[in-house]
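Written out below as structure tokens is the structure these notes cover.
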């Protein structure tokens, strides 16, 4: 799936803000209609008007419920966007972990043999340098095969 852009996220947040604005307009309207239905008969509100107020109230409730559903859907889109970004970040962290896991032991070996002590017997061996390199390559291959077995790459 194609990654969502920041513009898409901004659009989703803008729609969510608009939903909150509309909700702020609908809720007071609902309260006004309830109060008008409870009013006694006047010149403006007659017995025949009550039927229309009930119908209007039903429509307002329906619009309110629809806006709630849309708002929840927008929240789900935001969660989905965050999940996609989180998965991408997890892949980056996994790659960095693999690289670190490979290079930390190699750095330790290089650090030990780079200390220039005269009492290190391996330094004076004829194949000491080649032995350390073979050990480092073997260690790297073992770690890579373990990562491959775990299906990290």
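So what is the calculated 222 nm ellipticity per residue for the chain, using -39500 (n - 2.57) for each DSSP H run with n of 4 or more, over all residues, to the nearest 500 deg cm²/dmol? Show your work: numbers first, answer last.
Numbers: 3 runs with 122 residues, N = 153.
That comes out to -29500 deg cm²/dmol.
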| said: Quick check on the range 80-146: what does the Kirkwood estimate of hydrodynamic radius come out to from the alpha carbon pairs, in Å? | reply: 14.5 Å
| task | Working from Cα positions, state the angle (0 to 90°, nearest 10) between the long axis of helix 6-38 and the longest principal axis of the chain. | result | 30 degrees
| request: Taking the chain as the reference, fit the longest principal axis to its C-alpha atoms, fit the long axis of helix 128-149 to the helix C-alpha atoms, and give the angle between the two in degrees, 0 to 90, nearest 10. | output: 30 degrees
| message | At 0.36 nm per residue, and after removing the present C-alpha to C-alpha distance, how many nm does the segment from residue 118 to residue 130 gain when stretched out fully? | response | 2.5 nm
| field | Matching label, semi-axes √(5λ) of the Cα gyration tensor in Å computed from the structure shown, candidates (1) 75, 13, 10; (2) 26, 21, 18; (3) 22, 18, 13 | value | (1)
| task | Could you state the angle between the C-alpha long axis of helix 47-113 and the longest principal axis of the C-alpha atoms of the chain, as a value from 0 to 90 degrees rounded to the nearest 10? | result | 10 degrees
| query | Which whole-number percent gives the relative contact order of the chain, counting Cα pairs below 8 Å spaced six or more residues apart? | reply | 24 percent
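Laboratory data are not the source of any read-out in this text; all were calculated from the coordinates shown. Nothing here was measured: the structure is a model prediction, and the numbers come from that model.
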